[in-house]
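Right, one structure below, let's go through it.
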Amino acid sequence: MKTEPRRTDRKIKTPREMELLLERMPVGRLAVVTEDGPYVVAVNYVFFENCIYFHSGLSGRKMEALQADPRVCFLVDEVGPLVLLERSCGISQVYKSVVCFGKAGVVEGSLEKRAILERMVQKYVPSTYPVPPIGDENIENTAIVRIAIESMSGKENPLSPVHTVIR
């Protein structure tokens with residue numbers, strides 16, 4: 001499967017730059033295959049040890065699709081301002097994005113599920129906010145999905161001196 005961007009001049013050069021974007025962004029878009037065709041859904045997630053983890057209900061369209069076909073695509077993007085420039089069509093978008101391909105599987109062990117949920121709390125909740133412990137019932141009623149990344153590529157159009165920000 002070809003995962004490299006067509007515009008090699010916009011390719012994010014190092015895996016670490018892509019990992020930093022995966023660590024930083026709050027929402028990713030998960031694409032799965034269903035009987036009716038592609039389905040994309042936004043999810044909160046954590047990137048940890050070269051895997052993407054997200055939580056879900058135990059059933060539903062997303063979980064049914066993952067059980068039928070574990071192949072997924074996952075996208076994060078950071079959108080910057082619209083800019084003017086003096087070439088091409090004269091307008092562009094500042095951005096950075098990473099697309100990952102891999103296989104998804106449900107995490108089975110309650111200790112691992114708890115550890116991932118605690119990582120999610122650490123990512124999303126300010127450390128000064130008192131968070132109650134995650135109850136066993138929450139662990140039992142929550143699916144944690146691990147995406148083992150098989151390939152990823154990144155692309156960016158950074159802000160530069162040739163750009164004029166318009167919004």
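Probe radius 1.4 Å, ligands and nucleic acids ignored: give me the carbon and sulfur share of the accessible area of the chain as a rounded percent.
54
Please identify every one of the GluC sites (Glu not before Pro) in region 19-96 that sits in a loop by DSSP and has no more than 11 other beta carbons within 10 Å of its own beta carbon.
E35, E49, E86
Just the C-alpha atoms of the chain: what Rg/Rh do they give, with Rh taken as the Kirkwood radius?
1.03
Evaluate the distance, in nm, between pseudo-label points positioned 7 Å from the Cα of D136 and of E49 along their respective Cα→Cβ axes.
That separation, rounded to one decimal, is 2.5 nm.
Greater than 20 Å separation of Cα atoms is the criterion. Which listed pairs, K62/K113; K11/K96; K11/K123; K13/K155, meet it?
K11/K123, as the Cα separations exceed 20 Å there.
Can you give me the accessible area per residue for region 55-149, using a 1.4 Å probe, in Å²?
Per residue, region 55-149 has 59 Å² of solvent-accessible surface.
I want to make sure I understand the PRE zone here: with the label point 7 angstrom from the Cα of E78 toward its beta carbon, which residues in region 130-167 have backbone N atoms less than 15 Å away?
Flagged as within label range: 154-160.
For E35 and T8, what does the FRET efficiency come to when R0 = 41 Å and r is the distance between their Cβ atoms, rounded to the nearest 0.05?
Efficiency, rounded to the nearest 0.05: 0.65.
Please compute the length gained on full extension between L111 and R71, using 0.36 nm multiplied by the number of residues separating them and subtracting their Cα-Cα distance.
11.9 nm
For S127 and A42, compute 0.36 nm times the residue count separating them, minus their Cα-Cα distance, and round to one decimal in nm.
28.2 nm
Name the residues whose placed amide hydrogens come within less than 5 Å of the amide hydrogen of I149, ignoring near sequence neighbours (fewer than 5 apart) on the same chain.
Result for I149 returns I52.
The values are calculated or read from the model by the stated rules, or taken from the named source; none is laboratory data. No experiment lies behind these values; they were computed from the predicted model shown. Glycine gets a Cβ as well: all are built from the backbone with ideal geometry, and neighbour counts include every protein chain shown. With ligands, DNA and RNA removed, areas are computed over all heavy atoms of the protein, side chains included. Shrake-Rupley method; radii C 1.70, N 1.55, O 1.52, S 1.80 Å.
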